[in-house]
Amino acid sequence: MKSMITGAAALIFFLTTAFYPGDNCESYFANKVGTSMEQTSYDAKGKMTSKSVSTVKAYDAIDGGFASTLNVRVMDAKDKEVSNSDVIMKCQQDKFYMDLSNAFPKEMAGMEGAEVEMENTFVEFPAHPVAGQSLPDQTSSMTIKLNGTPFMTMTINTTNRKVEGFESMTTTAGTFECMKYSADTEVKSMFTSKSHSVMWMSKNVGLVKMESYDDKGKLQATQMLTKFSE
């Protein structure tokens, strides 16, 4: 369960900045249909723990902006698929949003009859980030139902969201000019866990690197862009 929460938090950070240029939005994610991004996750010792492949599936005009659909496949360290879902994002006026409701599998692997429901799923970002800019707190909730009956509720609070600045970052996929973003996340359920994340994102590419720390500042995991193709 704890690994699912960590993965969910990572997915939230990974997908919160993915939109097509124009309509007053700068794109901090791949924006062409067919573009593929491979993200590889490692533990604190550098051992691979999982991999995700995201593909831009569709782009649609909506009132005041546009919406993009990405298919996200997550594999474990043995390359076995553990989830496959579509993530819908939108950009309107000078803000862009991600709907987290599709960021989790509707049926949970290893729990027969279990389903996931989320509330307050839109995460807001500015279209034109500025170094030092503070962003609004975000609260979402996730309910796990077992055979239709609520089994567990998680509250995800994201605070101290800040645009740290702009830096160059190099991975096996190349060298990218990035926006550096940080945030604190608190997940409350049967237990409470706190973490701090730092993320580097590049225009028209997406997440290049992310570091996740526990509440004592110890590195817990790293996520890297390992492949990118348009």
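The values are calculated or read from the model by the stated rules, or taken from the named source; none is laboratory data. Since we're looking at a predicted model, the values are computed, not measured. Counting neighbours? That spans all protein chains shown, and the Cβs are built from the backbone with ideal geometry, glycine included.
On the given criteria, is Thr6 part of a helix (DSSP H, G or I), modelled with pLDDT under 90 and either more than 17 Å from the chain's Cα centre (by Cα) or not hydrophobic (A, V, I, L, M, F, W, C) (or both)? Criteria met by Thr6.
When the residues of the range 201-217 are filtered to those that are among the acidic types (Asp, Glu) and assigned to a strand (DSSP E or B), the one that is nearest to Lys180 (Cα to Cα) is Glu211.
Within the range 174-217, the set of residues being among the acidic types (Asp, Glu) and within 16 Å of the chain's Cα centre (by Cα) comprises Asp184, Glu186, Glu211.
Only one of the numbered conditions (1) modelled with pLDDT of 90 or more; (2) of a type outside the set (Ser, Thr, Tyr); (3) surrounded by fewer than 14 Cβ atoms within 10 Å (Cβ to Cβ) is violated by Lys32, and that is (1).
In the range 218-225 there is no residue that is within 15 Å of the chain's Cα centre (by Cα) and outside any strand (DSSP E or B). Here Gly46 fulfils each of the conditions (1) in a loop (DSSP other than H, G, I, E, B); (2) touching a Leu at 6+ places or on another chain (Cβ under 9 Å) apart from (2).
Scan the range 58-86 for residues that are among the aliphatic types (A, V, I, L, M) and loosely packed, with under 15 Cβ neighbours inside 10 Å and jot them down. Ala58, Ala61, Ile62, Ala77, listed by residue number. When the range 119-135 is filtered for residues that are at pLDDT below 90 and either of a type outside the set (Asp, Glu) or not in a strand (DSSP E or B) (or both), the ones remaining, listed by number, are Asn120, Thr121, Phe122, Val123, Phe125, Pro126, Ala127, His128, Pro129.
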